[in-house]
Each structure stands twice: as C-alpha cells, then as structure tokens.
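First comes the structure, then the notes that go with it.
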Amino acid sequence: MAEEQPLIATEGKALNIPPHPDGQFAATCIDVIDIGMVERTYRGKRRAQHRIIIRFFCGEHFRDDEGQLRPLWVDAWFTLSLSQKSALRPFLEAWRGKRFNAEELQGFNVRTLVGVDAYLQLSHNATPSKTYCNIDSVMRLPKELQAPGVPEGYVRVELRPDHDEEDFEEAPF
C-alpha cells in the first residue's frame, strides 16, 4: 500500500478585490456556476436548496496587490428554481424581455445564458465589514450598446482543472 501524501492547508493570500462600481453597465454573462445543494434557514425552517451563481463582466478592471490588472465581475446568487415565488424566474424574464412559456417552465438550461449580453443596474450595500455590489435590475441589452464580452484569460469555473465547490470566487489569470 502506497504511503498517503499529506494534504496541507495554509493561510494563503486572498485577493483584495474592490466592489464593482455602481451604475448602469452593458454586461456579458461569463459563467453560470453550480454551487450544488446548500443548507439554508428561512423563517426558522432548515432545508437544502440547489444554488447557482450567474456571473457578469461589465468591462471593469482592478489592480491587485502586485499591480497586475484583473477583470472585475459581479455575481447574482439564486436558488435553481423557476417557481412563481423564485427570484430567478423574474430575473430571467426581465433579462429575456419575455415571460417563460409552459414548455420552457418544464426545464430551462441556465448554462445557455453564458455569452448572452445584458444591461445591468448595480448598487452598493455597505455593511460595517464590507461593501457589496448588488444587481438591482437586468434587461436585454439595447441595440445601440455593445457588451464587453468575456475577459481575456477567463476560464469558466466548471472547466478549471482543479475545480472544487469553493473555486468560484477567483479566476486563474
């Protein structure tokens, strides 16, 4: 039997990522990330929900601690559900500019959103420890605007060689 190799955890160095600027932006969906089943508590009841992240790039960049220019994106978190009470359904209907028909409600592949352009309204939510950027609204991109596309070097989370469930916050560049 071969000797088991150690699995060493270290503190590492996290990127100091600023919040995305607020305002209106032409954006491109660059990833749909499957988080999987997550235990959540709502109104005192614990249950597992299938969660996803829809990631948008609006053409903004930031400089990391070494001075390297990196793309800045904004994420929207959802439960993977198209029920009438879900947050995902009205978000996608606003983005598409139309309601889902009965056939689409039977099953909609959210991965088809990757590469689709959008127009986003972003705002900041400041807490004592951090400032978050929220997507307040989404709509189809007006014809006169051009979205930035996928930033050079971005690798979708599911396509990364060492992909794991915690790999969604940083992109390899």
Pairs returned, first residue in the range 45-67 that is closer than 25 Å to residue 86 by Cβ and without any contact (Cβ under 8 Å) to a residue 12 or more places away in the chain, second residue that is open to solvent by 50 Å² or more (accessible area, probe 1.4 Å) and among the hydrophobic types (A, V, I, L, M, F, W, C), beta-carbon separation under 8 angstrom, 6 or more apart or interchain, are 48/37
Filtering the range 101-123 for residues that are over 20 Å from residue 35 (Cβ atoms) and open to solvent by 80 Å² or more (accessible area, probe 1.4 Å) leaves a count of 2
**Study point:** Meets criteria (surrounded by fewer than 17 Cβ atoms within 10 Å (Cβ to Cβ), among the charged types (D, E, K, R) and in a helix (DSSP H, G or I)) for residue 66
**Key:** no
Restricted to the range 69-81 and to residues being open to solvent by 20 Å² or more (accessible area, probe 1.4 Å) and of a type in the set (A, V, I, L, M), the residue nearest to the chain's Cα centre (by Cα) is 80
(request) Take residue 89 and decide whether it is among the basic types (Lys, Arg), at pLDDT below 95 and open to solvent by less than 80 Å² (accessible area, probe 1.4 Å). (result) no
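The values are calculated or read from the model by the stated rules, or taken from the named source; none is laboratory data. What you see is a predicted model; the values in this text were computed from it and never measured. As a convention, Cβ positions derive from the backbone with ideal geometry for all residues, glycine included, and neighbour counts pool all protein chains shown. For the accessible areas, the whole protein counts, side chains as well, though only heavy atoms, and no ligand, DNA or RNA atoms are used. Shrake-Rupley method; radii C 1.70, N 1.55, O 1.52, S 1.80 Å.
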